[in-house]
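This report concerns only the one structure given below.
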Amino acid sequence: MPAVTPATAIVLAAGRGERMRPLTDTCPKPLLPVKGKPLMQWHLEALARAGHSHVVVNTAWLGEQIEQAFGPAPAWGPRITYSHEGRDFGGALETAGGIARALPKLADTFWVVAGDVYMPGFAFERAAMQSFAAGSTLAHIVLVPNPPHNPRGDFGLSDAGLALNDAPQRHTYSTVGLYRHALFDGLPAGNPRGLKAPLAPLLRAAMDNGRISAELWRGPWTDVGTPERLAQLNSAS
């Protein structure tokens, strides 16, 4: 049997989508339609255009619907390997826990993006991945201007391109970033026991050591977090 090529991206699709209820009572948030197609399909198509032939999608809430929607290899997109946290552990493992669970399927450096943000112009370039792999930072995160629902932002950005915990001006983490396996060394390889772990503490600890780089991206971006934002996005031209 030929060796399986490691995935070069993971699309996070395990969340419950509490703020999107009642829409998410029967449909996982990444499958809600945005401009005529499921929300996370925008990412999958962009990854395919950039030459990513294999991605991981993690699932929990109504995860079987996501696999039914896309299957193992949609004609327009990359091959998909699923990491079913809901089936294996009864629920989502949070962001770092879910990524750690999928690490054995992922290349040493890989893209991460949440399946519930709309970011149609982002290209997931292979050249950016190669540049990141040649460096020494543990992650390179993409920041965006602060939306109304997050006016204080999340992280700062130094003149040298490093992400900062504390800064006079902070930006919002887009959910998109390049990551290295080593960032998750504190978690068991493959997370076999299904430990829940958030991502922010790992990023913040590495930022304090100057190990997280960042960039500010000013293209279209929406955190599709409420029914109102979804309706507004779909009504925009």
The number of residues in segment 103-154 that are free of Cβ contacts under 8 Å to residues at least 12 places away in the same chain and either farther than 22 Å from residue 223 by Cβ or under 17 Å from the mean Cα position of the chain (by Cα) (or both) is 4
Cβ-Cβ under 8 Å, sequence separation 6+ or interchain: first residue in segment 219-232 and farther than 13 Å from residue 24 by Cβ, partner part of a helix (DSSP H, G or I). Which pairs? 222/229; 222/233; 223/229
Is it the case that segment 200-221 has a residue that's within 18 Å of the chain's Cα centre (by Cα), within 14 Å of residue 138 (Cα to Cα), among the aliphatic types (A, V, I, L, M) and in a strand (DSSP E or B)? yes
Tell me, yes or no, whether segment 81-92 has at least one residue that is among the basic types (Lys, Arg) and under 23 Å from residue 178 (Cβ atoms). no
Of these, 123, 127, 134, which one is touching a helix residue (DSSP H, G or I) at 6+ places or on another chain (Cβ under 9 Å) and surrounded by fewer than 23 Cβ atoms within 10 Å (Cβ to Cβ)? 123
Residues in segment 183-191: is at least one over 19 Å from residue 92 (Cα atoms) and among the hydrophobic types (A, V, I, L, M, F, W, C)? yes
Within segment 131-152, which residues are more than 17 Å from residue 210 (Cα to Cα) and assigned to a strand (DSSP E or B)? 144
Segment 93-108, residues that are part of a strand (DSSP E or B) and surrounded by 22 or more Cβ atoms within 10 Å (Cβ to Cβ): 106
Counting just the residues of segment 32-51 that are among the aliphatic types (A, V, I, L, M) and farther than 17 Å from residue 232 by Cα, which one comes out surrounded by the fewest Cβ atoms within 10 Å (Cβ to Cβ)? 48
Listed residues 199, 162, 157, 187; which is closer than 21 Å to residue 116 by Cβ, surrounded by 13 or more Cβ atoms within 10 Å (Cβ to Cβ) and touching a residue at least 24 places away in the same chain (Cβ under 8 Å)? 199
Return yes or no: is residue 81 modelled with pLDDT of 95 or more, surrounded by fewer than 24 Cβ atoms within 10 Å (Cβ to Cβ) and either farther than 30 Å from residue 188 by Cβ or not basic (Lys, Arg) (or both)? yes
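The values are calculated or read from the model by the stated rules, or taken from the named source; none is laboratory data. In this text, all values refer to a predicted model and were calculated from it rather than measured experimentally. Note that each Cβ is placed from the backbone with ideal geometry, even for glycine, and that neighbours are counted across all protein chains shown.
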